[in-house]
2 protein chains.
Amino acid sequence: MKRLKCIISYDGSLFAGYQIQPNGRTVQEELEKALARMHKGSQVKVTASGRTDAGVHAEGQVIHFDTPLAIPGDRWPTALNSQLPKDILVRKAEIVPESFHARFSAAGKEYRYKIYQDPFRNPFKRMYSCHCPYELDLQAVEEAAGFLIGTHDFTSFCSAKTDVQDKVRTITKLEVIHCGKEIELRVAGSGFLYNMVRIIAGTLIEAGKGKVAPNDIHTILAGRDRALAGKTAPAEGLYLWEVFYGN
Amino acid sequence: MKRLKCIISYDGSLFAGYQIQPNGRTVQEELEKALARMHKGSQVKVTASGRTDAGVHAEGQVIHFDTPLAIPGDRWPTALNSQLPKDILVRKAEIVPESFHARFSAAGKEYRYKIYQDPFRNPFKRMYSCHCPYELDLQAVEEAAGFLIGTHDFTSFCSAKTDVQDKVRTITKLEVIHCGKEIELRVAGSGFLYNMVRIIAGTLIEAGKGKVAPNDIHTILAGRDRALAGKTAPAEGLYLWEVFYGN
C-alpha cells in the first residue's frame, strides 16, 4: 500500500459541501466514486484537511488515501481527473510516508474571501463572490483586520453550533487586497473554528460600512459572545486556498 | 404606452437558451415572468436583438418591450432586477421612440469567444470559457483571423441547419487578445449567421494547433461548404458582448 497526497480544486457551487451526507452531492462522494472505479469497485476512503460547507470553494484542498495501485505519483492527476466531474480537479499528487495525514499533519491554512463591490450584482460572479452594493471604507476594514491578527480567544467569531472547547486560535496573516471592483481578504492561521472566516469577513464588511468601528474589535474579542460580531458572510465568497504542512 | 430599451447581461450556464421553448428554463421566459409581475399579471412581450443558444452568455444583449407604466427610464433596472433571478441583470434602460426595434434597428454586433489555455481544465472556468490543453500558435491564429475580416460568403462558417439564403456577411473586426492563460477572440460585424462565431472560433483554434494553415481560410471561404471549416467550438466560451445601433 502507498499513501497518496493530492492537492485538489473544486467549484463548490453545485455541491452540498465536502463531506459525504445522505442527501446531496458532495466532493468526498465524487472522489470516492472515482477511486472505486480505478480500484475495480473496492472502496477507497479519502481523508481531507477539513470539511468545507455547501457553496464554499477550494483552490488548494488537500486529501490523502491509501492505494495498492502501482501508478507513479505524477501520473495520478491525469488518471483521477479522467474519472472526476468537471467541477473537481486534482492539481498535484505525490507519494508520501504513511505517517502523513491530511488533517492531523496540517500546520496551518489560508482562506480567501472575495467581495465584489458594485451597485449592481454581477450574474457571472453570483456563485464566486459576495456582492456588496456599497463602497466599503477600506481603511476601516484594514484597521479592524489588523486587530484580529495574533493569538486570541475567537469565541465571538465561531458559530454557536460547535462542540470545540478551546477557542484560542492564532491568525498569522489578514491582508486586504483591493483590485478594481474586487476586494479579497487573505486569512492565514494555525487553525480555524467553525464559520470563523465567514464571521470575520462579515464583521470586516460591517467595519467597511461604518457599522462597526475598528476599535470595537477589541470589545468583540473580549466579550466571547457570537452575538457581538457581524453576520456570517455568505458561503459563495469563501475559498480554502492552501493547506500548509511542515517538513 | 412607452417603448423601453434595456441592456441586459446573463450567465447562460443554467439556461436552455434565450428564446422561450416548451422544455427548459429560458432568459426570455424569466424576463416575461418578471414583467408580468410588474404589470399585475398582464403579459408583456419581450423582443431581443437575437437569440443565444443554451450555455451562451451575454454581457450586452439588448431587448425592447412596451409598457403603460409611468416608471422613469433610469428606475427600470432596479425595478426589474428585484424581480429577476440572479443570473440575469438589467444594466441600463431608457425610453426610446416607438420606431426602435431591438432586432431590426441593430446595425451590428460584437461577440467575444474566451479560450482558457492550460494543460489542466479549471473547475471555475468550465462554464465560462473553452478549455484548450495545448498551447496555441497565436501568430497562426492571428494570421488566419485576418483573412476572415471583410465581406465574404460565410456559407462554410454557418450551421447547415439554417434557412437563410444570403450568406454574405461583413466582419469589421476580428482581434485576438492574449492575457496570461486566456485568449479572447473579439468579432464584430454587421450580422452573423447561425453558429458563425463558434465555427470561426473552432477553425481559429485548429489554426492555432497547426491543423489548418492560415492560408487555407481562402479555400475554406471559397468552397462554400460547412465540412471544410473547423468544428463548432463549445457554447460556454461565447459571449454576446454588445449590440450596435445607429443614431
Looking for something of a type in the set (A, V, I, L, M, F, W, C) and out of contact with any Phe, Trp or Tyr (no Cβ under 9 Å at 6 or more places or on another chain) - is there at least one such residue anywhere in region A:181-194?
no
Quick test for you: out of A:Val212, A:Val187, A:Val176, pick the one residue that is part of a strand (DSSP E or B), buried (at least 18 other Cβ atoms within 10 Å of the Cβ) and over 15 Å from the mean Cα position of the chain (by Cα).
A:Val176
Can you confirm whether A:Leu80 is part of a helix (DSSP H, G or I), within 14 Å of chain B (Cβ to nearest Cβ) and either in contact (Cβ under 8 Å) with a residue 60 or more places away in the chain or among the acidic types (Asp, Glu) (or both)?
yes
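Of all residues in region B:110-137, count the ones that are outside any strand (DSSP E or B) and within 21 Å of B:Asp87 (Cβ to Cβ).
Filtering region B:110-137 down to residues outside any strand (DSSP E or B) leaves B:118-129, B:133-137.
Subsequent filtering for residues that are within 21 Å of B:Asp87 (Cβ to Cβ) retains B:122-129.
Matching residues across region B:110-137 total 8.
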Output the number of the condition that B:Ser99 fails; it satisfies all remaining conditions of (1) away from every other protein chain (no Cβ under 14 Å); (2) surrounded by fewer than 21 Cβ atoms within 10 Å (Cβ to Cβ); (3) touching a residue at least 40 places away in the same chain (Cβ under 8 Å).
(3)
Reported set for region A:186-213 where residues are more than 22 Å from A:Ala54 (Cβ to Cβ) and modelled with pLDDT of 95 or more is A:Arg186, A:Ala188, A:Gly189, A:Leu204, A:Glu206, A:Ala207, A:Gly208, A:Lys209, A:Gly210, A:Lys211, A:Val212, A:Ala213
Of the conditions (1) touching a His at 6+ places or on another chain (Cβ under 9 Å); (2) among the hydroxyl-bearing types (Ser, Thr, Tyr); (3) part of a loop (DSSP other than H, G, I, E, B), the single one that B:Thr170 does not satisfy is (3)
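Mind checking which residues of region B:1-17 are buried (at least 17 other Cβ atoms within 10 Å of the Cβ) and away from every other protein chain (no Cβ under 14 Å)? Spell out how you get there, then give the answer.
Step one: list which residues in region B:1-17 are buried (at least 17 other Cβ atoms within 10 Å of the Cβ), which gives B:3-13, B:15-17.
Result: B:Arg3, B:Leu4, B:Lys5, B:Ala16, B:Gly17.
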Would region B:6-16 turn up any residue that is free of Cβ contacts under 8 Å to residues at least 60 places away in the same chain, assigned by TED's automatic domain parsing to the domain that holds B:Ile71 and of a type outside the set (Gly, Ala, Ser)?
no
Scan region B:167-185 and tell me whether some residue there is free of Cβ contacts under 8 Å to residues at least 40 places away in the same chain and under 19 Å from B:Asp53 (Cα atoms).
no
Would it be correct to say that B:Lys161 is over 27 Å from B:Gly60 (Cβ atoms) and not in a helix (DSSP H, G or I)?
no
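Would you mind finding the one in A:Ala70, A:Ala48, A:Ala54 that is more than 13 Å from chain B (Cβ to nearest Cβ) and buried (at least 18 other Cβ atoms within 10 Å of the Cβ)?
Values: A:Ala70 fails: buried (at least 18 other Cβ atoms within 10 Å of the Cβ); A:Ala54 fails: buried (at least 18 other Cβ atoms within 10 Å of the Cβ).
Step by step, each of A:Ala70, A:Ala48, A:Ala54 is checked, and only A:Ala48 is more than 13 Å from chain B (Cβ to nearest Cβ) and buried (at least 18 other Cβ atoms within 10 Å of the Cβ).
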Condition check for A:Ala201: in contact (Cβ under 8 Å) with a residue 24 or more places away in the chain, of a type outside the set (Asp, Glu), in a loop (DSSP other than H, G, I, E, B) and crowded, with 22+ Cβ neighbours inside 10 Å
no
Run down A:Glu236, A:Glu206 and say which single residue is within 13 Å of the chain's Cα centre (by Cα), surrounded by fewer than 24 Cβ atoms within 10 Å (Cβ to Cβ) and touching a residue at least 24 places away in the same chain (Cβ under 8 Å).
A:Glu236
Among residues belonging to region B:113-165 that are among the polar types (S, T, N, Q) and within 14 Å of chain A (Cβ to nearest Cβ), point out the one that is surrounded by the fewest Cβ atoms within 10 Å (Cβ to Cβ).
B:Asn122
Subset of region A:18-33 (residues that are in a helix (DSSP H, G or I) and more than 14 Å from every other protein chain (Cβ to nearest Cβ))
A:Gln28, A:Glu29, A:Glu32, A:Lys33
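Just to check your reading of the model, which residue among A:Ala140, A:Ala107, A:Ala145 is under 17 Å from the mean Cα position of the chain (by Cα), modelled with pLDDT of 95 or more and either not assigned by TED's automatic domain parsing to the domain that holds A:Ala36 or not in a helix (DSSP H, G or I) (or both)?
Going through A:Ala140, A:Ala107, A:Ala145 in turn, the sole match is A:Ala107.
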Sort out which residues of region A:43-69 are farther than 15 Å from A:Met127 by Cα, in contact with an Asp or Glu (Cβ under 9 Å, 6 or more places away or on another chain) and in contact (Cβ under 8 Å) with a residue 24 or more places away in the chain, and write them in order of number.
A:Gly60, A:Val62, A:Phe65, A:Asp66
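Out of all the residues in region B:145-160, is one or more at positive phi and not polar (S, T, N, Q)?
Taking region B:145-160 and keeping what is at positive phi, we get B:150.
Still in the list and also not polar (S, T, N, Q): B:150.
Taking every residue of region B:145-160 in turn, at least one turns out to be at positive phi and not polar (S, T, N, Q).
The values are calculated or read from the model by the stated rules, or taken from the named source; none is laboratory data. Given the structure is predicted, the values throughout are model-derived calculations rather than measurements. Positions of Cβ are backbone-derived with ideal geometry, glycine not excepted, and every protein chain shown enters the neighbour counts.
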